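The values are calculated or read from the model by the stated rules, or taken from the named source; none is laboratory data. Predicted, not measured: the structure shown is a model, and the values here were computed from it. Positions of Cβ are backbone-derived with ideal geometry, glycine not excepted, and every protein chain shown enters the neighbour counts. Note: accessible area is taken over every heavy atom of the protein model, side chains too, but ligands, DNA and RNA are not part of it. Shrake-Rupley method; radii C 1.70, N 1.55, O 1.52, S 1.80 Å.
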Amino acid sequence: MPKSYTVQNTDLLDTQTLEVNFGPQHPSTHGVFRMFVELDGEVIVTLKPVMGYLHRNHEQIAENLTYLGIMPYTDRLDYFNAMTNNLGYAMAVEKLAGITVPERAQYIRVIVSEFTRLINHLSLVGFLLNDLGAFFTPILYAFREREKILDVFEEISGSRMMCNYLRFGGVKCDLSPAVLETMKKITRNFPKFLDEFEALLSKNEILCMRCQNVGVLPKELAVNSSITGPVLRASGINYDIRKVDRYSLYDRFRFRVPLGRKGDTYDRYYVRVLEMRESVKILEQALQDIPVGEILNPKTAPFAKAPRNFKPPVGEDYGRIESPKGELGYYVVSDGTPQPWRYHIRAPSFINLTILEDICLGHKVADAIIILGSLDIVLGEVDR
Amino acid sequence: MELLNLAGIAGVYTLMLVILIAAVAMVTLRSLFHSALALAAVLIGIAGIYLTLQADFLAMIQILIYVGAVMTLIIFAVMLTEHLSHQTVRQNNRQSPLAIAGICAFLFCLTGVIVRTPWPLQPQNQTATITAMELGKAFMGQYVFAFELISVFLIAALIGAIVIARKDK
Amino acid sequence: MEILDSIFLNTKKIFLDLLGCWLPDWMILLVNIGIIIGVIAVLGPVIMMYLTLLERKIIGRMQNRIGPNRVGIFGILQPIADGIKMFTKEDIIPQNADKIVHFLAPVLMVIPALLAFAVLPFGRGMIPVNLNVGLLFFIAVSSTSTICVFMASWASRNKFSILGGMRSAAQMISYEIPMVLSVVPVILSAESLSTYAIVEAQARWSGLHWFVFTPWGLLAFIIFFLCGVAECNRSPFDLPEAESEIVAGFHTEYSGMKFALFYMAEYMNTFTVSALAATLFLGGWEGPVLPSWLWFFIKTHALIFVMFWFRGTLPRFRVDQLMGLAWKLFLPLTLINIFVAGGYHLISDRNFRVAGASAVLLVSFLLFTVFLNRKYMPEKRRYDLVD
Amino acid sequence: MFFGLGVLRGLMVTLKNFVTSYFMPPDRGGLFTVEYPEKRLPVIERFRNFPFLVYDKDPENPRCVACEICANECPTKCIYIEKDTDPNKKPLRRPAIFDIDITVCMNCGICEEVCPFDSIYMDHPFEVASSDRLEKLLFHKNDLLKSNDYFHKIRPTHAAAIDARRRAVEEKKKSAAVKPSETGQPPKAQNGGKP
């Protein structure tokens, strides 16, 4: 039964509600996503999200490809953070096939996924401010920093966004000392940039007026609808898979998890800014003591040349990581052949989108757009 | 020089003609929104006439109050009752000859009165144009009582409107 | 400096004397008026074209990028390229739109924008029409543009433009009142409505004599300027064309030349409002060394820079906050400002009246922001970093 | 405390950027844009765009032996190979037709990894736009073939490592040929350890 919100109209004349389609081509719905909204004046009465415009049949295609062939496809899931998608998939298959990863490769994986977290949170803040109406200035400052990190990714993996950089048991190629140096320079300048960015935004009265107490996500609703990632932590629940699972080397680095109190749009924005500061701490520690050594587990080297010989044992496995948007899980079932029998992705954006209706009801049209922006969804991951 | 003030007088008469046409249009136009716009044209025309009589303060006030505020209110009402303005109301019905007869009789008496009364006509261009300064002094000096009475009256109307608007809260 | 100062007046006088020898004198009067009208008719659109270029350059620089520089040396010919583009674009009229009103709306939108030029004092002696109700003329003219917004939104008959039309009309009305009231202290101290006399009043005082340096003048200037920004629908009050919510507000259904007319009206409003703000509070063409008309343009372009600066930085208000700001903050402040300005003139002792006035204004500002409008104030937020 | 203070601080940030954009270097608040057609950023060595085939001496015999491993391994199946045959229909170890459909290829670089004969590598030029979608965007063998020194020009370190490894394999094969007792087993391709 679709939930709806009744406006207590005091005057006698019954106002007619206005059905508006914030359709696939709407300028601010991050890709092709439609909201069928029923408006009473300015207030939203019912809201029905419509998805599936970007469905590319990812999981069916994966069933006809070798395990290595799927890797470039995972870049295109959440096209902002290709590296964390690769990491999630690589870890799931390594768990299934029982492959260990050498020390240096683990360090490179942590560095690369923390850089992706910086990119993702930067772009989110930029797009959120764009929906609020700041004419492209915050997003261009964010993209200026993102360019530096993308250049480093291009130096390592060969492509800026579609990196296809990780392999089962390690990474494709090594970090040259020059690249390490530029990485250190970026992490040194990043806090300075963040202070300037916060000076521009965090205390801005208009931003506070527009974002505070808008789209409040209560704790129990967040837990019941299995929300994960910064959206959950903004509502005050301490659940970060890097701390819970302690996968890869995250137990070696000292970092803390920011938690909000009210769980409204401003908290979701500010928790991400604090997370960026924590990621910079992890990066400093990781770049400090990265060991020298091999970057690919020698046992998996022959499979690099002949991916169709890579036949993980029969069985199923579910590997999950803390992607910048939430818990990104890969469920892989292998039947001994070089092609996975079943391959499914637990996309954080898709799950976070289910509560859009509950937190948007009763707000105004302008708020619905910001709430959608603060949930940080990417349609590539939602529709797969 | 006489060509100039001849052109002036011709201008005034064309202005009056425009106002008349707009007034007739306001009454006969089918769509409500169009007649509202015709009303705006009439009000701007009246402000034009004030200007020709060198009462520029009055002309500005006319535009500010009528065109700026009253017209906006009327158009707000028209826009809010959306479907009302769609059906175009039929303007003329069977009683139009009777109505025209009535109007002619009324016009006849009016012109009779206008012709007979001795208007205190001064020469075309008065000497001192009344500036805003003198108007201000007159309001605060000679007519201060009337001025205060009107403001009290306005406030009463304002409060009445608010009370009606939220009568069942 | 005198020659440079009245260079335009002299050229006009020479030109008219030249014509004088074979034209009757009343014809000269008409030619004089014709020149003035011609100057405004040319000045308006040219200013509009180069303001669009200026805006894109300034906002570009704020975002560390260059801004248009392909057409012409520094993008000088960019506005001409935009103009040609606007001319050649297909002019689509929606099928069930109301043809006449759809056509009339942009035309009537430009008229008030151009009329407002008639009252601006461009320099010493260079004021197109020295009405003794100049200021009132400006306010009356700028209030008629609400009707054109209504016509545009009603005629295009689609949901988004009606929503946009309603919002912008409500915004224009509620920002007109604080704008008018914030001008009252200036009239009070300049004892005249004519803009020319106001500029002379600011020149007459001794020492730093612009109205902006008096406490009530500063508050009135800030409120007048912000209401001016709201009046021409520019950021952070640009709700009607909030592209993230309702696509383009009342000019969704317009394309080609009609859209260019809306665009022109908005930029001319920007120029006239900043020019008037400069005239009323920053001493118009009054300045020490440079010729008078140059001072006028420097001050106006400084205020225009501030408007572009707002657009490059600030997010936009929501509808109810926008209205709340006008009715709950600007209106009471301007009313108090009028009383304070009155008191300011009665007290003769200089520094007591300055201290007293600024004290009262500061207290009222805090009263209206921190105590009465607590809902709009940003809350202090604490975040706990957990292990 | 003051209502408008946050907004003012934000305005100061943009003003600072406006002023520094005139005289600061790009990475400290200066102008960041590179005007693309006139000035270009240097292409990074590991940048991978569409693949190309390497030939040593002349385009007639490329390194590729038409073993079709890359065609099978390509995730998007955008490579089509047909073996060359000598006059009396005996298949030769040379491709007659080697087409890559640029519109389908997602330049993931898997063909480069799996090729045992070091013959296919990812190229650098990215301006391959053309008006005709079908004909011009299907690269045939002669569009793909490029010399080894071109390979050295665009990827110096990578090409040097590949050539070093190939020379090592050559010596081993030569030394193996000198000792007749060795069975003349064709040198199994070393697994190319990535540099």
TODO: Considering (1) of a type in the set (A, V, I, L, M, F, W, C); (2) open to solvent by 10 Å² or more (accessible area, probe 1.4 Å); (3) within 9 Å of chain B (Cβ to nearest Cβ); (4) over 18 Å from C:ALA341 (Cα atoms), say which one C:LEU193 fails and leave the rest.
DONE: (4)
Open item on the list: Given the options C:SER235, C:SER189, C:SER168, name the one that is part of a loop (DSSP other than H, G, I, E, B) and at pLDDT below 90.
Closed with: C:SER235
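Matching residues to (1) at pLDDT below 90; (2) within 12 Å of chain A (Cβ to nearest Cβ):
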{"site": "C:THR52", "(1), (2)": "no, no"}
{"site": "C:LYS57", "(1), (2)": "no, no"}
{"site": "C:ARG65", "(1), (2)": "yes, yes"}
{"site": "C:ARG70", "(1), (2)": "yes, no"}
{"site": "C:ILE73", "(1), (2)": "yes, no"}
{"site": "C:LEU77", "(1), (2)": "no, no"}
{"site": "C:ILE80", "(1), (2)": "no, no"}
{"site": "C:ILE84", "(1), (2)": "no, no"}
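Does D:PHE3 satisfy the condition of being within 11 Å of chain A (Cβ to nearest Cβ), touching a His at 6+ places or on another chain (Cβ under 8 Å) and open to solvent by less than 70 Å² (accessible area, probe 1.4 Å)?
In short, no.
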Task: Residues of the range A:78-101 classified as assigned to a loop (DSSP other than H, G, I, E, B) and either open to solvent by 20 Å² or more (accessible area, probe 1.4 Å) or within 14 Å of another protein chain (Cβ to nearest Cβ) (or both), total - done: 6
TODO: Give me the pairs, please: first residue somewhere in the range D:149-176 and without any contact (Cβ under 8 Å) to a residue 60 or more places away in the chain, second residue anywhere and open to solvent by less than 40 Å² (accessible area, probe 1.4 Å), beta-carbon distance under 6 Å, and either six or more positions apart or on two chains.
DONE: D:HIS152/D:ALA159; D:ALA159/D:PHE151; D:ILE162/D:ASP118
TODO: Hey, could you check the range B:114-149 for residues that are at pLDDT 85 or above and either in contact with a strand residue (DSSP E or B) (Cβ under 9 Å, 6 or more places away or on another chain) or open to solvent by 100 Å² or more (accessible area, probe 1.4 Å) (or both) and say which is farthest from the other protein chains (Cβ to nearest Cβ)?
DONE: B:ARG116
- [ ] Six or more apart or on different chains, Cβ under 7 Å: which pairs go from a residue in the range C:257-269 that's in contact (Cβ under 8 Å) with a residue 40 or more places away in the chain and farther than 13 Å from C:ASP238 by Cβ to one that's open to solvent by 40 Å² or more (accessible area, probe 1.4 Å) and part of a helix (DSSP H, G or I)? Could you list them?
- [x] C:MET257/C:PHE87; C:LEU261/C:VAL107; C:MET268/C:LEU114
Task: Filter result (open to solvent by 100 Å² or more (accessible area, probe 1.4 Å), modelled with pLDDT under 80 and part of a helix (DSSP H, G or I)) within the range C:1-36 - done: C:GLU2, C:ILE3, C:ASP25
TODO: Residues being surrounded by 17 or more Cβ atoms within 10 Å (Cβ to Cβ), within 18 Å of the chain's Cα centre (by Cα) and not in a helix (DSSP H, G or I): count how many of those fall in the range A:220-236.
DONE: 4
- [ ] Name the helices (runs of 4 or more DSSP H) wholly inside the range A:321-384 in which the number of residues that are open to solvent by 20 Å² or more (accessible area, probe 1.4 Å), in contact (Cβ under 8 Å) with a residue 40 or more places away in the chain and under 16 Å from A:THR228 (Cα atoms) is 1 or more.
- [x] A:348-353
Open item on the list: Which count do you get for residues in the range B:15-55 that are in a helix (DSSP H, G or I), farther than 21 Å from C:THR144 by Cβ and either within 13 Å of chain C (Cβ to nearest Cβ) or free of Cβ contacts under 8 Å to residues at least 12 places away in the same chain (or both)?
Closed with: 3
Open item on the list: Looking for something within 25 Å of A:MET83 (Cβ to Cβ) and either touching a residue at least 40 places away in the same chain (Cβ under 8 Å) or polar (S, T, N, Q) (or both) - is there at least one such residue anywhere in the range D:124-135?
Closed with: yes
Task: Checklist (1) in a loop (DSSP other than H, G, I, E, B); (2) within 14 Å of chain C (Cβ to nearest Cβ); (3) aliphatic (A, V, I, L, M); (4) within 27 Å of C:LYS375 (Cβ to Cβ) applied to A:LEU217, failing item - done: (2)
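Here's the yes/no breakdown for (1) under 24 Å from A:SER176 (Cβ atoms); (2) open to solvent by less than 20 Å² (accessible area, probe 1.4 Å); (3) in contact with a His (Cβ under 8 Å, 6 or more places away or on another chain):
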site: D:MET106; (1), (2), (3): no, no, no
site: D:GLY109; (1), (2), (3): yes, yes, no
site: D:GLU112; (1), (2), (3): yes, no, no
site: D:PRO116; (1), (2), (3): no, no, no
site: D:LEU137; (1), (2), (3): no, no, no
site: D:ASN142; (1), (2), (3): no, no, no
site: D:LEU145; (1), (2), (3): no, no, no
site: D:LYS153; (1), (2), (3): yes, no, no
site: D:ALA159; (1), (2), (3): yes, yes, yes
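Table: residues versus (1) open to solvent by less than 20 Å² (accessible area, probe 1.4 Å); (2) out of contact with any His (no Cβ under 8 Å at 6 or more places or on another chain); (3) within 14 Å of chain C (Cβ to nearest Cβ).
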| position | (1), (2), (3) |
| --- | --- |
| A:GLY133 | yes, yes, yes |
| A:PRO138 | yes, yes, yes |
| A:PHE143 | no, yes, yes |
| A:ILE149 | yes, yes, no |
| A:VAL152 | yes, yes, no |
| A:SER157 | yes, yes, no |
| A:MET162 | no, yes, no |
| A:ASP174 | no, yes, no |
| A:MET183 | yes, yes, no |
